[in-house]
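Notes follow once the structure below has been shown.
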Amino acid sequence: MASNQDLPEGTVQNILDQESLKWVFVGGKGGVGKTTCSSILSILLSRVRHSVLIISTDPAHNLSDAFQQRFTKTPTLVNGFTNLYAMEVDPNVENEEMLGSEGMDGFLSDLANAIPGIDEAMSFSEMLKLVQTMDYSVIVFDTAPTGHTLRLLQFPSTLEKGLAKMMTLRNKFGGMLSQMTHLFGVSDDFGEGAILGKLEGMKDVIERVNKQFKDPDLTTFVCVCIPEFLSLYETERLVQELTNFEIDTHNIIINQVLHDEEDAESKLLKARMRMQKKYIDQFYMLYDDFHITKLPLLPDEVCGVEALKSFSCNFLSPYESPIIRGKEEVLEQRVSTLREQLKDAEAELERQRKGKQKI
């Protein structure tokens, strides 16, 4: 394990300094604060980049809650910014819109069931097409929990399977494929050739983007976690999968870290801090070549642009608890409080003594 001096800087400054980055993924287990982290990253990037787009690919969209502004599948300027845009993509809703009311019955239902993830792959490729026609200097993905994120990175092979299945079905059922034309918004005159062309086009887009995803100059993945066993385990799995997909990752954000151990009077809190320290030490041991950013647990949620901006300082300089920041000052305050309490206790004791003497 590297010594503290050898460890990479515990901030996200390296991401802000890498001007070539085009795609920044933020992912991890559910409920660890991915949306807050991706929102703050996009705010920090908007200070150093010409234009930034943040996209939520999590069906349980929290981007609107984080910024306290309603977003849709069309990029919308975030209130208070001139160069930060946000959009929320829901594969299921978009797919229903594309399919129409009778789209998934019979033949089409069989096709969708035969190729798991084909609907998401298609809507994701459509979204990527849209994004590529726009001139954003960097795009931040607020991804769904780990499993969904990994599926998103498998879309090129999913579409390839889809094409192979389509060819098999065409040989089997011939003209029946014309039923699918409305799925892609083309007229019946175009027939199956247009459908296959559309799928090929989607595959081309995703393969082109996938090459960019595998280029460390263009893409990086930020893993968000909390200092607990399940989150450590999930992060390990995610880092391994990203390595298998050849996707660069060298930033871990550990959220909800408890501080002020000396100030804590609760036994439960102290036990929790000891547990967290154990897992934080393991993170440093496993990922000694990563930039590990620790974020403090706050009493309130970080919601709204001002709260996000205020909290962003913890992404740029390692958090120091008040005990460390001004230990002497805090101790003086505690001594002063104890003196006041002692005075009150002495006065109360004196009153009780006088009361006894009168009796």
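The values are calculated or read from the model by the stated rules, or taken from the named source; none is laboratory data. Given the structure is predicted, the values throughout are model-derived calculations rather than measurements. Backbone-built Cβ (ideal geometry, glycine too); neighbour counts: all protein chains shown.
Quick notes on this structure:
- Matching residues, the stretch 52-78, being at pLDDT below 95, over 16 Å from V302 (Cα atoms) and assigned to a loop (DSSP other than H, G, I, E, B): T57, D58, P59, A60, R70, F71, T72, K73, T74, P75
- Check on N244, within 30 Å of N210 (Cα to Cα) and assigned by TED's automatic domain parsing to the domain that holds G33: yes
Yes/no per residue for (1) surrounded by 20 or more Cβ atoms within 10 Å (Cβ to Cβ); (2) assigned by TED's automatic domain parsing to the domain that holds T293; (3) of a type outside the set (S, T, N, Q):
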{"residue": "G28", "(1), (2), (3)": "yes, yes, yes"}
{"residue": "V32", "(1), (2), (3)": "yes, yes, yes"}
{"residue": "S38", "(1), (2), (3)": "yes, yes, no"}
{"residue": "R47", "(1), (2), (3)": "no, yes, yes"}
{"residue": "V52", "(1), (2), (3)": "yes, yes, yes"}
{"residue": "I55", "(1), (2), (3)": "yes, yes, yes"}
{"residue": "D58", "(1), (2), (3)": "yes, yes, yes"}
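- Any hit, the stretch 167-187, residues being modelled with pLDDT of 65 or more, in a helix (DSSP H, G or I) and hydrophobic (A, V, I, L, M, F, W, C): yes
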